[in-house]
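The values are calculated or read from the model by the stated rules, or taken from the named source; none is laboratory data. Here the structure is a predicted model, which means the values were calculated and not measured. Reconstructed Cβ throughout: ideal geometry from the backbone, glycine too, with neighbour counts over all protein chains shown.
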C-alpha cells in the first residue's frame, strides 16, 4: 500500500495517545474546505510503502502507543484492514478517520476489532450535505448506516463537524443533533485556512457563534464540545 504522508508524532489526533498520523491518498468527496486536498486529487506522490511504515513503527515502540489513519478517505482502500491488523499486531492502538460513506469496509473493521477509536465527519445537515461535500448529489444512506453501526456497537467513536461560515448556519445544528441523538460525543471544530485548501474566501465562525452552535446540539448529544477555536470553551 502507498503511504502519502506521515506525521511522526502528535498529541492531538488520537485522544489519550502519543501517536503518529498516517495519510492515505484518494477521496470520493471534494469538500471545498479540505486541508488535505493534495491527497484528494492525487497530486501528492507516495511518501513510502507499507513496509517502510511498519519499519518506522518498529523503531518507535515505547515512544508511540497509537497510530491515527486518515486521508483522503482511508476506506477507499480494500487492503486497509490488512494494514490495520499489522499495526495492531505490533502493539499499537489504531484510530480511523472516515467520511462514513463505506459501511461495508467499516463493518469488517469493527467486526474484527481492528480500530480502537473511529472518528466520522458529519459534514452538515442532510439538506446541505452534497454541497458541503462538493458533490452535485449524495446518497446519505451509507453514511447513516455507518453512524448507526458505531452508535449500536462497542468501539469507541466520535462524530465531528468542521464548521465554515459560508456552509453552515444555526438551522443546521439541530438537524445534525437529531440525526446523531444519543451519540457518545460530538465535536465542532473551526475551519482553519491553509494553502492546500482548494477554495479561497472561506472563514471560521467566531467563538461566540461556535458556542451557540454547540448549545443547539447539546439537547441531543450532551457531550458536545468545541475544538480549535480560541475562547470557545
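Annotations
- Matching residues, the stretch 81-103, being closer than 17 Å to residue 23 by Cβ, assigned to a loop (DSSP other than H, G, I, E, B) and more than 17 Å from the chain's Cα centre (by Cα): 92
- Near pairs, Cβ below 6 angstrom, 6+ apart or cross-chain, from the stretch 1-20 (farther than 23 Å from residue 76 by Cα) to any residue that is assigned to a loop (DSSP other than H, G, I, E, B): 17/65; 18/65
- The single residue among 137, 130 that is surrounded by 16 or more Cβ atoms within 10 Å (Cβ to Cβ), free of Cβ contacts under 8 Å to residues at least 12 places away in the same chain and over 24 Å from residue 18 (Cα atoms) turns out to be 130.
- The set of residues from the stretch 55-73 being surrounded by 16 or more Cβ atoms within 10 Å (Cβ to Cβ) and farther than 19 Å from residue 155 by Cα comprises 56, 57, 60, 64, 71, 72, 73.
- Matching residues in the stretch 37-80 - criterion: being within 19 Å of residue 11 (Cα to Cα) and not in a helix (DSSP H, G or I): 60, 61, 62, 63, 64, 65, 66, 67, 68, 69, 70, 71
- Flag if residue 165 is touching a helix residue (DSSP H, G or I) at 6+ places or on another chain (Cβ under 9 Å) and modelled with pLDDT of 95 or more: no
- The set of residues in the stretch 154-192 that are surrounded by 14 or more Cβ atoms within 10 Å (Cβ to Cβ) and assigned to a loop (DSSP other than H, G, I, E, B) comprises 155, 164, 165, 167, 168, 169, 180, 183, 184, 185, 191.
- Residue in the stretch 17-26 that is surrounded by the fewest Cβ atoms within 10 Å (Cβ to Cβ), counting only those that are modelled with pLDDT under 95 and in contact with a strand residue (DSSP E or B) (Cβ under 8 Å, 6 or more places away or on another chain): 23
- Taken together, the residues in the stretch 136-153 that are under 14 Å from residue 100 (Cβ atoms) and in a loop (DSSP other than H, G, I, E, B) amount to 4.
- Here the condition is being under 18 Å from the mean Cα position of the chain (by Cα), farther than 18 Å from residue 187 by Cα and surrounded by fewer than 19 Cβ atoms within 10 Å (Cβ to Cβ); of 106, 76, it holds for 76 alone.
- Residues that are within 21 Å of the chain's Cα centre (by Cα), at pLDDT 85 or above and farther than 11 Å from residue 165 by Cα, drawn from the stretch 189-210: 189
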